[in-house]
Amino acid sequence: MTLIRDKDFGTPARTSDKQVTLEIDGRSVTVPEGTSVIRAAAEVGINIPKLCATDKLESFGSCRLCVVEVEGRRGLPSSCTLPAEDGMKVTTENDKLARVRRGVMELYISDHPLDCLTCSANGNCELQDMAGQVGLRNVRYGYDGENHLEAEKDESNPYFTFDPSKCIVCSRCVRACEEVQGTFALTIGGRGFDSHVSAGADQPFLESDCVSCGACVDACPTATLMEDSVIEMGQPEHSVITTCAYCGVGCGFKAEMKGSEVVRMVPWKDGKANHGHSCVKGRFAWGYATHQDRVISPMIREKITDPWREVSWDEAIEYSAKRLKEVQEKYGRKSIGGITSSRCTNEEVYVVQKLIRAAFGNNNVDTCARVCHSPTGYGLKETLGTSAGTQAFDSVLEADVIMIIGSNPSDAHPVFASQMKRRLRQGAKLIIIDPRAIELVQTPHIRADYHLPLKPGTNVAMVNALAHVIVSEGLEQKDYINERCDLEAYEAWREFVLREENSPENVAEITGVPAEDIRAAARLYASAHDGKEGRAAIYYGLGVTEHSQGSTMVMGMANLAMATGNIGFEGAGVNPMRGQNNVQGSCDMGSFPHEFPGYRHVSDDATRSLFEQDWGVKLDNEPGLRIPGMFDAAVDGSYKAMYIQGEDVAQSDPNTHHVEAALGNLDCLIVQDLFLNETARFAHIFLPGTSFLEKDGTFINAERRTSRVRKAMSPKNGPDGQGMDEWEITCRIARAMGYDMQYNEASEIMDEIARLTPSFAGISFDKLDQKGSIQWPCNDEAPEGTVTMHVGGFVRGKGNFVVTEFVPTKEKVTRRFPLLLTTGRILSQYNVGAQTRRTENNVWHEEDVLEIHPHDAEERNIADGDLVSLESRMGETSLRAHISERMQPGVVYTTFHMPETGANVVTTELSDWATNCPEYKVTAVQVRHTNKRSDWQEHYDEFTEQTRHIAE
C-alpha cells in the first residue's frame, strides 16, 4: 500500500500499488486502484461539476452535482466517492445528468441572494460560477422573507466576516474545521429549513473554539466567509509564491497582491510542508510588514544616551565599518563578533557568518539556535551522523505510535499539529511526555493513551527508564541493531540502562510519574518497529533541548529509536520541531563558532582550505565565542563590538540583567532589524531590515526542506523608500572594512553555498523554482533531495548508542523558591512578539500570564486574574495569574512574548553541558500576591520611555 496525496480532491488516502484502467467519456485513463472517478477524470482534463468536493476535504458525496452514469449500473453515483475500477465505463455529460445538476443547483442557489453584490464585485462566489457551468439561467423558487437572508453578520473575528445571509449550509466550512484543522469548532445547528452554521453554541466566532486558521474561509463556496482585507480592497490582481516567516513548519503561501499592497495570504496547496493549510499567524498576521513602527531609515548615535540621527545608507555603512575597525585596532582582532538571525534567509545568514570570518578575521559568530535547538545538532550528529531531523512531516501519516516529548504542536507548530491530529483520529496511538497537560492530551476525538507529567528537569531519567523496560523485557529489535548499529556501543548502553537506578520504580521517585505508566508507555512505543509490525515516531521540542542535559536527552531519544528499529522508515524517526522559520537554515549556513557551513569544524585543514581558496582570505582555525561567552567577555571588557542580525537578545536570552550589562558595556553595537526592539535600546547603529515580503532567498524548515522566498514588494528599508536587500547591507559593510564581498543577486549566494557545501551541491534557485522545494542532502547521490534520512544505514556508518547518565540540574527548589517555572509559546503570538504584537493577534493574547495549579494558588491566596510576583534567585517580575488544571502542583508556566513582562529576568545562567543552550525550562521560583509591578518593570518602563523620546 502507498500513501498518495490527491492534489485536487480529497485528503491523503492509502491506495493500492495496483493500477486500474477505465474509460471516461470515451477516454482511457490508468490510475492507482482506490482513486476516485472525479480524480481520474481530472487526469484526462475532464472537469466534472462539483460543490462539496474540494482540494482539501474528504469525499462527501452530498451535493449531487458530480453524479455520473456508469455502464451496467443503475442510479447516478457521486463521482467523488466512487472508486475507479478496471474496465469501468463512465459518462460525465448527457441530457439526463444536465437536468439533475440544474435541478440540484436551482435548490442550492434559491437559498442564496442572486443579486449578491459582494459575490459579484469580489468574484468570490463559487456557487454562482457552478450555476453557470451547469447551465442554470432562471430560478423558479421565491425567497421566504422569514429565512436566513436577513441574518446579521458576525464581524467579531478581526480577520474575516461571517455573513449567514449568503450561506447555503453546504457544510464545507464545518468539514474543513474537522478534517483539515481538527478543531471541531463549527457545527450545523437546527434542522430542516432552520439549519445554519454555528460557531460553538451559536457564539460569535471570536468567543468560540475557532483558532482562526482560515480553513473555513478557504472552503466556503460563497461570500459567506470572507477576509476583511478582500472586502475592503477587492480581489487581488496577481500573486507571488513565497514561504511563511513564522515557525519551523515552513508553509507555502501565495501573497495575493493589488499593485504593491498585499490583499491576502492564501495557503499554497502545492506547499509540501502544509498542503494548502495554515494557521492564524501565517494566514492573517502579516500586517507587521507595513506597520507604522517599522524603522525605515538607518540611524546612528555616538552614545546610547544620545538621540538617534537618521542618515543615508552610505553614511550608516561607512560609520559601521569605522566603529568596528576602531574597536579592533584598540582591543584586538577577536574583540568583535556577531549573531545571525533565524528569521532571515539562508543567503542573508550566510553572508553575515562570512563577514565575521573573512572581514572580522575570527569565528565569533553564533545564532539563536544556541538558545533553542543546539542540543539537537550535537545529539543527532553524535548518534546518527547528521544534525537534523530524520523525516518529512508527511511521515506522520504512516505512524502507528506517536510520542511527543517537550513539544506543544497545537500552539507552536499548528499546521503540523493538524496533520498529526488527522492520523490520531485514524487510530494512531499517542504518548505525551510533558510537565503540562498540553492541548493534545485531550482534544475533540483525540485522547492521549498515556500522558506522563514528569517534573521539569527529569527528561533523561525518563528516557532511561523507557529504555530499561524495552531492554529488560526483550522488546528491542536485535536484527536491526546487529545490522545497523555499533555493537560495542550498544552493549555498553545496554549494560547501563539495565542498572537498577534506571528502573521505572526508581525513576518514578525522580520524575513523579507512576512506574506502571512508564512501563505501559515503553511497551506501547516498542510495539511498533521497523516497518514490519508498525512504526513509532518521536517528535520533540524545546522542552527537551532547553535543559542542562538537553544534548543528553537528544541522544537518549536516538538510542530509544535505534533500539526499537524506528529510524530509516516512513512513520518513524526522531523529529525535532524547530521553533523559528529558518532556525535549521541558520545552523546549516555555518552560524556556529566552531563550524563552517555544512557542520564542518573550523580546525579541519581541508575544509578551511576549501573556504580560504574560494573566499581569498586566511581563516582562523580556532573556534570563536558562543553567545554566552560573548556576553561574559563583554562584561569583563575584552569583547567590545557586536553585529546582531534580526535577534532581540535583550528579551529572548536568559538572565536579562546579565545580558543588559553585557550590551551596555559594548563600545559599538549594530542592530539590524525591522523595529526598535529591546536590544536596540543599547545600540549605537540601527540598520533597518526587511520583512519576508521584501526578501528574495530561501528558508529551511524543520524537515530540512529548502523553499523559495520571493519578493512581493520592493524593500522599504531606506530613506525616501530607497530600500536595500539585507544581504547587500552586510556585503557593503564588508567592503567598507576592506574585504571585497559582493553579489549581483541572492541566487549567486546560493550558488556559492552549493559550491562549498556537499549537502547543498544540487540546490539552486532554478531547481527550486522547478520543483517547489527540496530536502537536503541534495547532491549527486540524491539529485532530487532526501525525504527520509538513514534509509538502509546511518549517515555516520553504524548507529552510535551513547550512555546517557542522568545528572540532576543544579537548579533546585528550596524553602525560599519552592515552585518550578517552565516556559513555552501560545498559538496567536510568536517568539518575542516583535511581529505578532503588531497585528490583531493581540485580541487573543495581549499579555503573558502565569499558569498555576489550583492547589498552589489556594496556598498563596491567589485568585484568577490577580497580579502576582514571580521571583527567582536571578530577579523578579510581575504578571497576572491564571489558575489552570493543566498544571501539576509545584509547577508554574508562562510565555515570553511580551517585553514588558520580562519573563527572562527570572531565568538562570545554567545551560546544556555540551552546547550552552540555556536551561529555560527549569527555574526555581516563588509566586506571591502583589499590588505593584516589579522594580525591573519600573526600570524597563523608564528606560523605554527615555528611548522613545530619544527616537522621536
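Restricting attention to region 677-713, which residues are among the basic types (Lys, Arg), in a loop (DSSP other than H, G, I, E, B) and closer than 10 Å to Thr242 by Cβ?
Within region 677-713, Lys695, Arg710, Lys711 qualify.
Could you list, in sequence order, all residues of region 360-386 that are in a loop (DSSP other than H, G, I, E, B) and surrounded by fewer than 24 Cβ atoms within 10 Å (Cβ to Cβ)?
Gly361, Asn362, Gly385, Thr386, listed by residue number.
Given the residues Pro808, Pro777, which is the only one that is in a loop (DSSP other than H, G, I, E, B), of a type outside the set (Asp, Glu) and either under 27 Å from the mean Cα position of the chain (by Cα) or surrounded by 23 or more Cβ atoms within 10 Å (Cβ to Cβ) (or both)?
Pro777
Kindly evaluate Leu879 against the criterion of being in the same structural domain as Val906 (by TED's automatic domain parsing), at negative phi and part of a loop (DSSP other than H, G, I, E, B).
Numbers: in the same structural domain as Val906 (by TED's automatic domain parsing): yes; at negative phi: yes; part of a loop (DSSP other than H, G, I, E, B): no.
No, not satisfied.
Among the residues of region 223-254, write down those that are within 16 Å of Gly772 (Cβ to Cβ), among the aliphatic types (A, V, I, L, M) and surrounded by fewer than 24 Cβ atoms within 10 Å (Cβ to Cβ).
Applying the first criterion (within 16 Å of Gly772 (Cβ to Cβ)) to region 223-254 yields 239-244, 249-254.
Now narrow it down to the ones that are among the aliphatic types (A, V, I, L, M): 240-241, 249.
If the condition is that a residue be within 16 Å of Gly772 (Cβ to Cβ), among the aliphatic types (A, V, I, L, M) and surrounded by fewer than 24 Cβ atoms within 10 Å (Cβ to Cβ), then Val240, Ile241 are the ones that fit.
May I ask you to verify whether Ser278 is buried (at least 17 other Cβ atoms within 10 Å of the Cβ), among the small types (Gly, Ala, Ser) and under 25 Å from Arg735 (Cα atoms)?
Working: buried (at least 17 other Cβ atoms within 10 Å of the Cβ): yes; among the small types (Gly, Ala, Ser): yes; under 25 Å from Arg735 (Cα atoms): no.
Spelling it out, it is not the case that Ser278 is buried (at least 17 other Cβ atoms within 10 Å of the Cβ), among the small types (Gly, Ala, Ser) and under 25 Å from Arg735 (Cα atoms).
Which condition number does Ser410 fail, the rest of (1) outside any helix (DSSP H, G or I); (2) within 13 Å of Ala448 (Cβ to Cβ) being met?
For Ser410, the failing item is (1).
Taking the condition under 24 Å from Gln613 (Cβ atoms) and acidic (Asp, Glu), does Glu752 pass?
So Glu752 passes the test.
Among the numbered conditions (1) assigned to a loop (DSSP other than H, G, I, E, B); (2) in contact with a Pro (Cβ under 9 Å, 6 or more places away or on another chain); (3) outside the structural domain of Glu851 (by TED's automatic domain parsing), tell me where Val813 comes up short.
Single failed check for Val813: (2).
What helices (runs of 4 or more DSSP H) lie completely within region 489-546 and have 3 or more residues being closer than 30 Å to Arg370 by Cα and either in the same structural domain as Gln477 (by TED's automatic domain parsing) or out of contact with any Cys (no Cβ under 9 Å at 6 or more places or on another chain) (or both)? Outline the logic, then answer.
On the way: elements: 504-511, 515-526, 542-545.
So the answer is 504-511, 542-545.
Among what's in region 720-741 and is in a loop (DSSP other than H, G, I, E, B) and at pLDDT 95 or above, pick the residue that is farthest from His601 (Cα to Cα).
Applying the filter and picking the extreme gives Asp725.
Do we have any residue at all in region 312-334 that's among the hydrophobic types (A, V, I, L, M, F, W, C), within 19 Å of the chain's Cα centre (by Cα) and buried (at least 24 other Cβ atoms within 10 Å of the Cβ)?
So far as region 312-334 goes, no, none of its residues is among the hydrophobic types (A, V, I, L, M, F, W, C), within 19 Å of the chain's Cα centre (by Cα) and buried (at least 24 other Cβ atoms within 10 Å of the Cβ).
The values are calculated or read from the model by the stated rules, or taken from the named source; none is laboratory data. Keep in mind the model is a prediction, meaning the values are calculated, not measured. Note: ideal-geometry Cβ built from the backbone for every residue, glycine included; neighbour counts use all protein chains shown.
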